[in-house]
Amino acid sequence: MNIFKRLALTKHGCRGAAIESYRACFSLFHSPPHTSVEVHAQEAEVVIALGSNVGDRLHNFNEALQLMNKSGIHITRHACLYETEPAYVTDQPLFLNSAVRGITKLGPHELLGVLKKIEKDLGRTDGIRYGPRPIDLDILFYGKLKIQSEILTVPHERIWERPFVMAPLMDLLGSYVDSDTIACWHALSIHSGGLFKSWEKLGGESLIGKDGLKRVLPIGNHLWDWSQRTSIMGILNLTPDSFSDGGKFQSVEAAVSQVRSMISDGADIIDLGAQSTRPMATRVSAEEELDRLIPVLEAVMKMPEVEGKLLSVDTFYSEVASEAVGKGAHIVNDISSGQLDSKMLSVVAGLKVPYVAMHMRGDPSTMQNSENLKYENVYQQVASELYSRVRDAELSGVPAWRIIIDPGIGFSKNTESNLDLLNGLSNIRAEIEKRSLGLSHAPMLIGPSRKRFLGDVCGRPAAVDRDPASVASVTAGVLCGANIVRVHNVRDCLDAVKLCDAMLKRRRSI
């Protein structure tokens, strides 16, 4: 759908109210500037840009977000995270940039005072204009208002010329739910031809991934640009009953040997799971899961080969996630997206690590029930249900820049649905984009390896005989947009991924 048509839709599909809202905003934009404006309504929606290039940039962001929430700014949506070259004063370190939407009862000038205090509390001094700073917080929009006073101009006057501001701003504007508000923001920018046209004039999405503007996910002690190549996640099952290799790696020695082998074969990430999630698996307690997991995780952390690699914990228990991250795991991989432990989302928010949110209906014991396999449109429904889970995570304090999405191949899907998803990963992104441009850009993980649907298609009842089909499914997934592939056979899948990445690079260069 054309973006301008999309803007005219309300969350109930009604154009009239949105058009009236747009007209009201347009008249506000052309009204005389306000010298001193405070809002008398109960709440206003605001957009605030964040930047940092001094000290621990990510820590500065985390602290700023926490202080904003404590100061009466309820953050409801996050843009992606960008590492950018400095503008204006170029002889300084790279910046991190992002933006958030939020709700506040603070008036515009009150809000400005709060943000300035946060900047000061985090160590910002007057310094050089456009120079290095631990944190920079700018009000981009304040509800429907245009404000111009001696100390505050809203919309921010230099939005239109700054890709490092426009990119995160675009991430925040892809929402059907808030289309009347979006229409207001668009109307306020009419003098520049509209935000979306301004972004296109700057170069739009083609700018992302270049040296000056990289979309990144903070993971471990570095920033990951997942657009450069596909990552391989090697599976380590520490259970006696996993469908493929249950019982093979229960001892610490066997597990360490398998990790060494997968790293040697080219794994970027090792995903440790101590609870089987195969269909009809019996659930074990968090305590039993920890008893299986922690000794292996501790041993793996001591391996020299693990230096520079990432460790993921495959769990739906918040207690297991917390313990594992405390022992050195970098990622929480949750098949339930917070549905099987009510504390998971708040715990992950506090852990400040990437979170893999996967689509599944029910739990492993019920996910293949007939009612959970029914889809009228598998792309729309998987995307809608997954988006709902991810929004829960975001509202619990997990920023969009820490979220990895997984459509859940093999989980509450039949063979036809799994094939449709592999063919249509881009459709999943497109459906999520209707609700959040930022979340639609999240890295996508797929895990088709040795799944039953491959056996059904290829006539391979034994999981260990499905590696050729796994390689084919990984190939299809990467060519359709997957950024991480979770596999048992690292060596063969790595070759497939390398070929796919080379093909995609060649495609982009033509």
By residue number, the members of region 428-460 that are of a type in the set (Gly, Ala, Ser), in contact with a helix residue (DSSP H, G or I) (Cβ under 6 Å, 6 or more places away or on another chain) and either crowded, with 24+ Cβ neighbours inside 10 Å or at pLDDT 95 or above (or both) are 438, 449
Check your understanding: Taking the condition within 24 Å of residue 472 (Cα to Cα) and assigned to a helix (DSSP H, G or I), does residue 417 pass?
Key -> yes
Of those in region 65-94 that are without any contact (Cβ under 8 Å) to a residue 60 or more places away in the chain and either under 16 Å from residue 223 (Cα atoms) or of a type in the set (Ser, Thr, Tyr) (or both), the residue least open to solvent (accessible area, probe 1.4 Å) is 71
Check your understanding: Is there a residue in region 104-115 that is out of contact with any Asp or Glu (no Cβ under 7 Å at 6 or more places or on another chain), within 30 Å of residue 207 (Cα to Cα) and surrounded by 18 or more Cβ atoms within 10 Å (Cβ to Cβ)?
Key -> yes
In this structure, does residue 239 turn out to be open to solvent by less than 50 Å² (accessible area, probe 1.4 Å), in contact with a Lys or Arg (Cβ under 8 Å, 6 or more places away or on another chain) and not in a helix (DSSP H, G or I)? yes
task: Assess whether residue 90 counts as being closer than 30 Å to residue 440 by Cα, hydroxyl-bearing (Ser, Thr, Tyr) and out of contact with any Pro (no Cβ under 7 Å at 6 or more places or on another chain).
output: no
Residue 501 passes all but one of the listed conditions (1) more than 20 Å from residue 335 (Cβ to Cβ); (2) surrounded by 22 or more Cβ atoms within 10 Å (Cβ to Cβ); the exception is number (2)
Among strands (runs of 3 or more DSSP E) entirely within region 58-163, at least 1 residues that are farther than 23 Å from residue 208 by Cβ occur in 73-78, 95-104, 136-142
Considering region 247-280, residues that are in a loop (DSSP other than H, G, I, E, B) and of a type in the set (D, E, K, R), and then whichever is surrounded by the fewest Cβ atoms within 10 Å (Cβ to Cβ), we arrive at 248
Of the conditions (1) in contact with a Ser or Thr (Cβ under 6 Å, 6 or more places away or on another chain); (2) open to solvent by 50 Å² or more (accessible area, probe 1.4 Å), the single one that residue 124 does not satisfy is (1)
Of 310, 373, 345, 297, the only residue that is in contact (Cβ under 8 Å) with a residue 40 or more places away in the chain and under 24 Å from residue 262 (Cα atoms) is 310
Inside region 352-369, the number of residues satisfying the requirement of being under 19 Å from the mean Cα position of the chain (by Cα) and surrounded by fewer than 20 Cβ atoms within 10 Å (Cβ to Cβ) is 1
Scanning region 370-427 for residues that are touching a helix residue (DSSP H, G or I) at 6+ places or on another chain (Cβ under 7 Å), open to solvent by less than 30 Å² (accessible area, probe 1.4 Å) and of a type in the set (Phe, Trp, Tyr) gives 387
When region 291-318 is checked residue by residue, the ones that are within 22 Å of residue 357 (Cβ to Cβ) and either at pLDDT below 95 or of a type in the set (Gly, Ala, Ser) (or both) are 312, 318
Taking first residues from region 95-114 that are basic (Lys, Arg) and second residues anywhere that are crowded, with 22+ Cβ neighbours inside 10 Å and not in a strand (DSSP E or B), the pairs with Cβ under 8 Å that are 6 or more apart or on different chains are 101/172
When (1) at pLDDT 80 or above; (2) open to solvent by less than 40 Å² (accessible area, probe 1.4 Å); (3) not in a helix (DSSP H, G or I) are applied to residue 174, the one that fails is (1)
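Every residue, every condition in (1) modelled with pLDDT of 95 or more; (2) more than 21 Å from residue 171 (Cβ to Cβ); (3) open to solvent by less than 40 Å² (accessible area, probe 1.4 Å), yes or no:
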| residue | (1), (2), (3) |
| --- | --- |
| 24 | no, yes, no |
| 28 | no, yes, no |
| 33 | no, yes, no |
| 36 | no, yes, no |
| 45 | no, no, yes |
| 63 | yes, yes, no |
> Is one or more of the residues making up region 281-290 modelled with pLDDT under 90, farther than 30 Å from residue 96 by Cβ and open to solvent by less than 30 Å² (accessible area, probe 1.4 Å)?
Replying inline: yes
Subset of region 296-329, residues part of a loop (DSSP other than H, G, I, E, B) and crowded, with 18+ Cβ neighbours inside 10 Å, comes to 309, 315, 316, 317, 329
The residue from 353, 332, 398 that alone is of a type in the set (A, V, I, L, M) and outside any loop (DSSP other than H, G, I, E, B) is 332
Among residues of region 105-138 being over 16 Å from residue 50 (Cα atoms) and of a type in the set (A, V, I, L, M), the residue modelled with the lowest pLDDT is 128
The correct count of residues that are under 18 Å from the mean Cα position of the chain (by Cα) and either within 23 Å of residue 433 (Cβ to Cβ) or aromatic (Phe, Trp, Tyr) (or both) in region 75-101 is 14
Restricting region 330-351 to residues that are farther than 18 Å from residue 271 by Cα and among the charged types (D, E, K, R), the one most open to solvent (accessible area, probe 1.4 Å) turns out to be 343
Would a scan of region 156-164 turn up a residue that is acidic (Asp, Glu), open to solvent by 50 Å² or more (accessible area, probe 1.4 Å) and within 27 Å of the chain's Cα centre (by Cα)? yes
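The values are calculated or read from the model by the stated rules, or taken from the named source; none is laboratory data. Small disclaimer: the values here were computed from a predicted structure and weren't measured. Cβ: placed from backbone, ideal geometry, glycine included. Neighbour counts: every protein chain shown. Side chains are part of the model used for accessible areas, which takes the heavy atoms of the whole protein and leaves out ligands, DNA and RNA. Shrake-Rupley method; radii C 1.70, N 1.55, O 1.52, S 1.80 Å.
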